[in-house]
Amino acid sequence: MKRTLIVIGLIIGMNLTSFAQEVTLSESELKNVLCKQWEIEYAMMNGMKIGQMPGASDFDFKFKKDGTYDLIREDGKNESGIWTYNSEKKYVELAIKEKVTSRIKSIDKTKLILILVSGQNDPPGLPSVEVHFKPI
């Protein structure tokens, strides 16, 4: 029983640390690093590097200092959204039409790591997905 509890604790601990937020910049530093165009470099699903899914369109993000961004899609169906920095929780939240779609969990001058946020109606147990971007 004790061994089972230890294993469960380790699994929960690993899952929590995989979603740890790491944006520790001031708001002005964040604007200087974030506000440019970023393209997908690769994605990770449950810790495994994956290629582009068949039929999925490629997209870029273009962030602006006024707290908005453009989602630029390969198929031309672009969308605009807002980004907000939560300095206490150390992440940047992205929303389109007032619905949070993703969070930037880590960023520096050469890399941006975004995690997709599941909706309330999504089935439990969906794989965790991280998308790694590089600046253009």
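The values are calculated or read from the model by the stated rules, or taken from the named source; none is laboratory data. All values derive from a computational prediction rather than experimental measurement. Cβ: placed from backbone, ideal geometry, glycine included. Neighbour counts: every protein chain shown. Protein only, heavy atoms only, side chains kept; ligands, DNA and RNA dropped before computing areas. Shrake-Rupley method; radii C 1.70, N 1.55, O 1.52, S 1.80 Å.
Points to keep in mind about this one:
- Among the residues listed as ILE72, ILE82, the single one being at pLDDT 95 or above, of a type in the set (Val, Ile, Thr), surrounded by 13 or more Cβ atoms within 10 Å (Cβ to Cβ) and under 15 Å from the mean Cα position of the chain (by Cα): ILE82
- MET1 meets the conditions (1) at pLDDT below 65; (2) open to solvent by less than 60 Å² (accessible area, probe 1.4 Å) in every case but one. The failed one is (2).
Residue-wise test of (1) part of a strand (DSSP E or B); (2) within 15 Å of PHE133 (Cα to Cα).
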{"site": "PHE61", "(1), (2)": "yes, yes"}
{"site": "GLY76", "(1), (2)": "no, no"}
{"site": "SER80", "(1), (2)": "yes, no"}
{"site": "LYS89", "(1), (2)": "no, no"}
{"site": "VAL100", "(1), (2)": "yes, no"}
{"site": "LYS109", "(1), (2)": "no, yes"}
{"site": "SER118", "(1), (2)": "no, no"}
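- Residues of region 12-38 that are at pLDDT 90 or above, surrounded by 14 or more Cβ atoms within 10 Å (Cβ to Cβ) and either of a type outside the set (Val, Ile, Thr) or over 17 Å from the mean Cα position of the chain (by Cα) (or both): LEU25, LEU30, LYS31, LEU34, CYS35, LYS36, GLN37, TRP38.
- Options ILE104, ILE113: the member that is surrounded by fewer than 19 Cβ atoms within 10 Å (Cβ to Cβ) and either at pLDDT 95 or above or assigned to a strand (DSSP E or B) (or both): ILE113
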